[in-house]
Amino acid sequence: MSDATEANGTAGAPEAAGSRAADGGAGGRHVRVVLVDDHRMFRTGVQAEIGQTAQTGVEVVGEAADVDQAVTVITATRPEVVLLDVHLPGGGGVEVLRRCAALMADTERPVRFLALSVSDAAEDVIGVIRGGARGYVTKTITGTDLVDSIFRVQEGDAVFSPRLAGFVLDAFASTDAPPVDEDLDRLTQREREVLRLIARGYAYKEIAKQLFISVKTVESHVSAVLRKLQLSNRHELTRWATARRLV
């Protein structure tokens with residue numbers, strides 16, 4: 001079954017679905033959620049962790065793997081909260097936010113976004129918050145904390161993983177545009193993720209597990225990063241990343 005078929009298959013009558021789950025086991029709390037992530041395995045894991053509505057109060061009403069699917073499913077299901085990955089085929093999480101601006105601005109039934117990403121880079125955090133997301137948590141978050149974060153976002157609160165809030169405060173306190181790093185701009189989003197993990201001392205197998213990709217794909221990304229930055233090995237790469245405070 002394709003991701004698109006999966007996503008559309010969970011869309012339905014929002015009110016009816018909500019009434020069925022409204023008496024769930026989370027103290028009477030209930031929230032309708034859409035998962036947006038390009039890794040099927042990760043979506044399945046999140047669904048298993050938080051989607052037991054009777055226990056958590058979270059009802060997963062749709063899934064999507066890229067920008068176009070996300071906009072379609074979110075528009076069709078009108079969830080209260082969207083768990084949004086930052087790096088997606090078709091333009092990334094920022095593009096989803098841009099195309100869902102009217103839904104976020106709806107005063108009666110607003111759709112709120114919580115970024116859920118492996119990246120803890122300042123530019124990723126600031127980008128989606130500027131785009132309208134209510135919070136940003138990393139994929140190291142526990143299931144219990146993620147459920148709590150979802151309900152807080154539903155209620156209109158801002159939610160961040162530890163230390164990420166500082167990025168946002170610094171960005172909005174400053175009127176200066178961040179400097180452009182031409183070397184960093186040569187890298188794709190996925191290459192930046194691999195770069196940061198390499199610089200933190202992760203082995204290729206650990207990176208593959210963290211990013212839900214193969215070891216061979218990790219090796220290809222590392223080779224591309226070294227070539228684009230004209231570096232010779234991972235030690236030089238680590239020094240390069242540390243000098244730019246990317247670690």
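The values are calculated or read from the model by the stated rules, or taken from the named source; none is laboratory data. As the structure is a prediction and not an experimental result, all values here were calculated from the model. Every residue, glycine as well, gets a Cβ built from its backbone with ideal geometry; the counts of neighbours run over all protein chains shown. Just the protein is used for accessible areas: all its heavy atoms, side chains included, with ligands, DNA and RNA removed. Shrake-Rupley method; radii C 1.70, N 1.55, O 1.52, S 1.80 Å.
Quote the relative contact order of segment 27-82 in percent (integer), defining contacts as alpha-carbon pairs under 8 Å separated by 6+ residues.
Relative CO of segment 27-82 lands at 47 percent.
In whole Hz, with x marking every Gly and Pro, tabulate ³J(HN,Hα) for segment 128-139 from phi via Karplus 6.51 cos²θ - 1.76 cosθ + 1.60, θ = phi - 60°.
6, 5, 4, x, x, 5, 8, x, 8, 10, 8, 6
For the pair Glu108 and Arg234, what calculated FRET efficiency results from E = 1/(1 + (r/R0)^6), where r is the Cβ-Cβ distance and R0 = 41 Å, to the nearest 0.05?
Working: r = 52 Å, r/R0 = 1.28.
Rounded to the nearest 0.05, the efficiency is 0.20.
Provide the per residue accessible area, probe 1.4 Å, for segment 182-244, rounded to a whole number of square angstrom. Let's see the in-between values first.
Values: 3570 Å² over 63 residues.
On a per-residue basis, segment 182-244 sits at 57 Å².
Be a star and scan segment 115-138 for residues whose amide nitrogen sits under 13 Å from the point 7 Å along the Cα-to-Cβ vector of Asp145.
Under cut-off, by backbone N: 117, 136-138.
Which loop-located trypsin sites (Lys or Arg not before Pro) does segment 210-247 contain, where loop means any DSSP state but H, G, I, E or B and the Cβ has at most 13 other Cβ atoms within 10 Å?
In loop regions of segment 210-247 (DSSP not H, G, I, E or B), the sparsely surrounded trypsin sites (Lys or Arg not before Pro) are Arg244, Arg245.
At q = 0.23, 0.26 Å⁻¹, work out log10 I(q)/I(0) for segment 182-244 with the Debye formula, treating every Cα as an identical point scatterer and leaving solvent out; two decimals please.
At q = 0.23, 0.26 Å⁻¹ the computed log10 ratios are -0.91, -1.16.
Let me check something: with ligands and nucleic acids excluded, how do Phe212, Phe113 order by accessible area (1.4 Å probe), largest to smallest?
These residues rank, largest area first, as Phe212, Phe113.
With θ set to phi - 60°, apply the Karplus curve 6.51 cos²θ - 1.76 cosθ + 1.60 along segment 45-62 and write out the HN-Hα couplings as whole Hz, x wherever there is a Gly or Pro.
Result, rounded to whole Hz: x, 5, 4, 5, 6, 10, x, 7, 4, 4, 8, 9, x, 9, 10, 7, 9, x.
Classify segment 31-173: rounded, prolate or oblate, from the alpha-carbon gyration tensor (a ≥ b ≥ c, eigenvalue square roots; a/c under 1.5 rounded; otherwise prolate if a/b is larger than b/c)?
rounded
Taking +1 at the Cβ of each Lys and Arg and -1 at the Cβ of each Asp and Glu, which of Val128, His39, Pro110 sits farthest along the dipole of segment 31-173 towards its positive end, judged by Cα position relative to the Cα centre?
Ranked along the dipole, the leading option is Pro110.
Pairs of Cα atoms under 8 Å, at least six residues apart: use those to get the relative contact order of segment 31-173, whole percent.
Across segment 31-173, relative contact order equals 21 percent.
Compute, for segment 31-173, the length of the dipole vector about the Cα centre, with Cβ point charges of +1 (Lys, Arg) and -1 (Asp, Glu) only. Units Debye, rounded to 20.
Numbers: 13 positive and 20 negative charges, 35 e Å.
With only Lys, Arg, Asp and Glu charged at Cβ, the dipole is about 160 debye.
Strictly greater than 17 Å: what percent of every Cα pair in segment 53-114 meets that?
Of all Cα-Cα pairs in segment 53-114, 36 percent lie more than 17 Å apart.
Treat every Asp and Glu Cβ in segment 182-244 as -1 and every Lys and Arg Cβ as +1, leave all other atoms uncharged, and give the resulting dipole magnitude about the Cα centre to the nearest 20 debye.
160
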